[in-house]
1. For each pair in K77/K129; K60/K129; K77/K105; K5/K60; K5/K129; K40/K60, compute the distance between the two Cα atoms and list the pairs where it is over 21 Å.
2. How many percent of Cα pairs in the chain exceed 20 Å?
3. Residues of the range 60-85 with amide nitrogen under 14 Å from the 7 Å Cα-to-Cβ point of A126?
4. Please report how far the C-alpha centroid of the range 1-59 lies from that of the range 120-138, rounded to the nearest whole angstrom.
5. Could you please rank H112, H99, placing first whichever residue has the fewest other Cβ atoms within 10 Å of its Cβ?
6. Neighbouring Cβ atoms within 10 Å as the yardstick, rank Y21, Y145 fewest first.
7. For the chain, which longest stretch is free of loop sites, where a loop site is one of the GluC sites (Glu not before Pro) that DSSP puts outside H, G, I, E and B and that has at most 14 other Cβ atoms within 10 Å?
8. Reachable aspartates and glutamates from K138, Cα under 15 Å, same-chain residues fewer than 8 places away excluded?
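All of the numbers you see were taken from the coordinates with simple rules; none came from a lab. Note that the structure is predicted; figures quoted are calculated from it, not measured. Here the Cβ positions follow ideal geometry from the backbone for every residue, glycine too, while neighbour counts run over all protein chains shown.
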Amino acid sequence: MRIIKATLQHLDLLTPLFVRYREFYGALPYPDSSRAFLQKRLKRGESVIYLALADDDNDKLLGFCQLYPSFSSLSLKRVWILNDIFVAEDSRRMLVADHLMREAKKMARDTHAVRMRVSTNANNEAARKTYESIGFRKDTEFENYVLPIQSD
């Protein structure tokens, strides 16, 4: 397995798996909008996306992760938000997520980040175990809240 940083040239490879990720979480597929969303993030440098490719097949995408930059005012340093991570159904149990997160962790270190953040569904035990195996710990210091913003 090879981990590479996605570029605009990878959009056609990435979009179908990104659509499956969205469907996994109950979102409608919207392949054209999904591709446009990814294209904007990459073109504007608003996210970093890593791809896990099969060693023997450059066109076989095993999984991906997408990170968004943020900052900590208290530490005066960068924070990376591991917002999306997904492994193709036929590639699970191959440590794809571990390899993707290790690459993300390396990038966080290389950019002098103070931390990475990740959230998952409280019922997603497999994801929680994977995150903990990489070194993530449950935040016991801060409560997180969400304010939904409705379009008028």
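1. K77/K129; K60/K129; K5/K129; K40/K60, as the Cα separations exceed 21 Å there.
2. 52
3. 63-64, 85, by backbone N distance to the label point.
4. Centre-to-centre (Cα) distance: 22 Å.
5. By the 10 Å Cβ count, ascending: H112, H99.
6. The fewest-first ordering by Cβ neighbours comes to Y145, Y21.
7. In the chain, the maximal stretch lacking such sites is 47-140.
8. In chain and number order, the partners are E125.
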